[in-house]
Amino acid sequence: MKPVHLLDFEAKEGEERLRGLVEARGEPAYRQEQIREQVFGQRRIDAEKMPNLPHALREQLAATLLGPVLRADGEQTSRDGTRKFRSRLRDGAVIETVWIPAESRGTLCVSSQAGCPAACSFCATGAGGFERNLSPAEIIAQWTGVSDALAADPAQRITQIVFMGMGEPLLNYASLATALRLLTGAGGFRFSPRRITVSTVGIAPNLRRLAADFPQVRIALSLHSAVDATRTAIVPLNRRYPLAGLAEIVREISARGRRVSLEYVVLAGVNDAPEEAAALADFAAQSAGHINLIPFHSYPGTAHRGLEAGAMRRFAERVRSRYDGAVTIRKSRGLDIAGACGQLAGDKLAGVGASGASVGPAR
Ligand code: SAH
């Protein structure tokens, strides 16, 4: 995407562009600081929502550096409190963002692409195909937008941001990196990088870059099988970036004292055999990271099936018997609104998760 918003630029360049605009209009210099404070202090990234600016300046900003980024396009709330927000981008593409409350935290699951090119066999986003990369502003606007929507209730907060929504973040590295720098940087929003997790299917060169460029951001690898033949069958990108290379990167990262956590969707008859559990445990030993076993979340048209709870626990036990680190079964959140991992389809799969959810209008 062509950069069109202040938040599509690195902090320094954004600052220069803002200064250029303020100076060209003959506005006093303090305006620049005033606007910066609105954006990075108040998290208002849309000039229309900035009070105390002269009308003409506001209009020009709205038409240039601080125009609307996302349009709210519906919201659903799960029985478990999870909220799914649908947004339309300026070109009409649809993305989804999910907020997941837990006792002391609130996790925001953001999308990095509209659709996804990775085409993993078990994921609804992949089944819907790929539309395009999101810009940095489109990534950040999910956070500012949901923050706004939650503002009415002080108990609802965002304490973590996870790149586990639609898309493969490491296939959109430039936008991801700019968004991360703006979110965490001193010249940006100062969100703690330790509270951000990037989840990836393992795009090897960019995984290395991510680890080097963002030493504090947490990394999750969507493994799903530690056996190449199995993994290639369900994660096509494994052909391009096979396990040996990923294992090497995971070892490099853990040698620097960081742990890569592993995600593993357990699919009946695909990756749930005892040999698969053993291979997973051995792979994990190289990173000593947390293993997150994910129950399969179904969606229309999928041929995959998950395990029932007992079989899932037995699989976890098998992994634990060979691995010293943490092995947990991820609690499914937002299933009834198709807001759980792998269910985000935007407007691509009709009728997903309609039951029991309240569908509200855009706010
Ligand atoms: N593309 C990145 C970011 C998406 S994260 C990645 O793959 O890591 C979404 C997580 O949910 C991934 O671990 C993904 O493998 C998992 N997932 C995908 N489809 C799923 C499904 N149907 N049920 C459960 N988890 C799923």
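What follows draws every value from the coordinates through simple rules; no lab data is involved. On a predicted model such as this, the values are computed, not experimentally measured, just so you know. Cβ placement follows ideal geometry from the backbone for every residue including glycine, while neighbour counts extend to all protein chains displayed.
On full extension, the segment bounded by Arg71 and Arg17 gains 17.0 nm, given 0.36 nm per residue less the C-alpha separation.
Relative to its residue count, the stretch 108-180 spans a Cα convex hull of 91 Å³ per residue. Each of Ala174, Phe191, Asn206 was placed along the dipole of the stretch 162-214 (beta-carbon charges, centred on the mean Cα), and the one lying farthest toward the positive end is Phe191.
Inter-label distance, Ala303 to Arg25: 5.8 nm, where each label sits 7 Å from its Cα along the C-beta direction. Candidate cross-link partners of Lys12 among the aspartates and glutamates, defined by an alpha-carbon separation under 14 Å and a same-chain spacing of 8 or more, comprise Glu33. If you average the sequence gap of Cα pairs under 8 Å that are 6 or more apart and divide by the length of the chain, what percent do you get for the contact order? Answer for the chain is 17 percent. Site pair Ala186 and Arg208 shows an inter-label distance of 3.0 nm when each label is modelled 7 Å from Cα along Cα→Cβ. Remark on Val162: its backbone amide H falls under 5 Å from those of Leu108, Cys109, Val110, Thr197, a criterion applied only to residues 5 or more positions apart or on other chains, H modelled at 1.01 Å from N. Give me log10 I(q)/I(0) at q = 0.21, 0.32 Å⁻¹ for the stretch 202-251, Debye formula, one equal scatterer per alpha-carbon, no solvent. Debye curve over Cα of the stretch 202-251, log10 I(q)/I(0) at q = 0.21, 0.32 Å⁻¹: -0.71, -1.29.
Among all the aspartates and glutamates, which ones have a C-alpha under 13 Å from Lys331's C-alpha, if same-chain residues fewer than 8 places away are not counted? Within the straight-line limit of under 13 Å, Lys331 reaches these aspartates and glutamates: Asp80, Glu263. Of all DSSP-defined beta bridges confined to the chain, some 50% are antiparallel rather than parallel.
Stick to the Cα atoms of the stretch 1-147, pair each with every other, and give me the Kirkwood hydrodynamic radius in Å at one decimal. Show your work: numbers first, answer last.
Working: mean 1/r = 0.0595 Å⁻¹.
For the stretch 1-147, the Kirkwood estimate is 16.8 Å.
Counting only aspartates and glutamates at least 8 places from Lys348 when in the same chain, those with an alpha carbon closer than 20 Å to its own are Asp73, Glu75, Asp91, Glu96, Glu131, Glu138, Glu168, Asp336.
About its Cα centre, what dipole magnitude does the chain give when the only charges are +1 on Lys and Arg Cβ and -1 on Asp and Glu Cβ, stated in debye to the nearest 20?
It works out to roughly 440 debye.
Look at where the Cα atoms of the stretch 112-188 and of the stretch 9-54 average out, and the two centres are 24 Å apart. Working from Cα pairs under 8 Å separated by at least six residues, relative contact order for the stretch 51-129 is 15 percent. Arranged from fewest to most other beta-carbon atoms within 10 Å of their beta carbon, Met166, Met50 become Met50, Met166.
Here the scattering of the stretch 63-116 is modelled by Debye summation over its C-alpha atoms, one equal scatterer each and no solvent; at q = 0.12, 0.28 Å⁻¹ the log10 of I(q)/I(0) is -0.34, -1.11.
By the count of neighbouring beta-carbon atoms within 10 Å, fewest first, His55, His5, His224 end up ordered His55, His5, His224.
Quick one: in the chain, what % of C-alpha pairs are over 26 Å apart? Numbers along the way, then the final one.
On the way: 33688 of 65703 pairs.
The calculated P(r) of the chain puts 51 percent of pairs beyond 26 Å.
Lys/Arg Cβ at +1, Asp/Glu Cβ at -1, dipole of the stretch 108-229 taken about the Cα centre: which of Ala229, Phe130, Gln156 is farthest positive-ward? Farthest along the dipole direction, towards plus: Gln156.
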